[in-house]
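Only the coordinates and a few stated rules stand behind these numbers; no lab work does. Keep in mind that this is a model prediction, so the values were computed, not measured. For neighbour counting, all protein chains shown are included, and Cβ atoms are generated from backbone atoms with ideal geometry for every residue, glycine included.
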Amino acid sequence: MNINEVLKFFKDSLKQFDVIVSPPGFLSQSLFRYDRPGNFYMTADFGNCITLSLGLALNLKNRIFVLQETRDFLNNLGTIHALQNYDISNLILVLFDFQIPSKSSNQFFVSSQKFEFLKVLKSMGFEKIYKIQKAENLHGALKKMEKNNGVSILYIQITEEDLLPPLIISLVSLEIKNRFMKFLIELDEIPDSKVKNI
């Protein structure tokens with residue numbers, strides 16, 4: 001399974017008003033190939049990704065997917081652990097475990113071959129963890145998450161090199177912000193949605 005298989009699945013399967021928050025760098029550049037108004041690309045420090053997603057999850061009924069590489073995860077252990085303090089069931093942490101280096105982006109990742117991420121997550125008290133090794137298992141995992149209480153975690157192992165290189169994000173920071181704010185305003189007009197204090 002490669003990164004574009006997973007991101008294309010999200011593009012094809014997510015509901016119109018689901019939100020994806022992606023950290024700076026490789027993941028955002030890869031996600032930009034499947035751009036949509038509900039994608040928010042971080043352009044600042046890695047740490048803001050989790051806290052922004054938490055704020056959105058507390059103020060929206062819609063699902064919030066926050067993408068993390070394993071190195072982001074290690075940088076944000078304290079913040080991720082703090083998610084357990086909130087009664088939220090619409091926040092989904094998507095942790096990408098790259099088992100191979102990305103030749104196309106010239107990046108190397110911390111993999112589970114060196115660090116046991118699942119044990120760390122379980123020690124933090126997370127119970128709704130779905131380990132994904134094949135793209136066809138993603139749909140079933142998302143269906144199960146609809147019945148979950150609390151934060152859910154998709155732990156996705158990337159085992160194949162992707163032939164599609166990541167894209168340069170053509171939007172500047174202000175454009176990303178303004179487009180996302182417009183998306184939230186439109187979301188507020190949907191009867192089944194809830195937006196407050198954003």
Classified through the alpha carbon gyration tensor (a ≥ b ≥ c as square roots of its eigenvalues; rounded if a/c is under 1.5, else prolate when a/b is larger than b/c, else oblate), segment 3-188 comes out rounded
Count the DSSP beta bridges whose two residues both fall in the chain, then state the antiparallel fraction as a percent rounded to the nearest 5. 5 percent
Stretched out fully, how many nm does the piece from residue 164 to residue 87 gain, at 0.36 nm a residue minus the Cα gap? 23.9 nm
Given 147/177; 61/182; 131/182, which pairs have Cα atoms separated by over 27 Å? 147/177; 131/182
For the pair residue 148 and residue 123, what calculated FRET efficiency results from E = 1/(1 + (r/R0)^6), where r is the Cβ-Cβ distance and R0 = 25 Å, to the nearest 0.05? 0.80
Pick out, in residue order, every one of the trypsin sites (Lys or Arg not before Pro) in segment 1-101 that is DSSP loop and has at most 16 other C-beta atoms within 10 Å; say none if there are none. 15, 61
Of 70, 51, how do they rank once you tally other Cβ atoms within 10 Å and put the fewest first? 51, 70
Given Cα pairs under 8 Å that are at least 6 residues apart, what percent is the relative contact order of segment 3-188? 26 percent
Residues 128, 147 arranged by fewest to most Cβ contacts within 10 Å: 147, 128
Put in order of increasing Cβ neighbours within 10 Å, starting from the fewest, 124, 181 give 181, 124
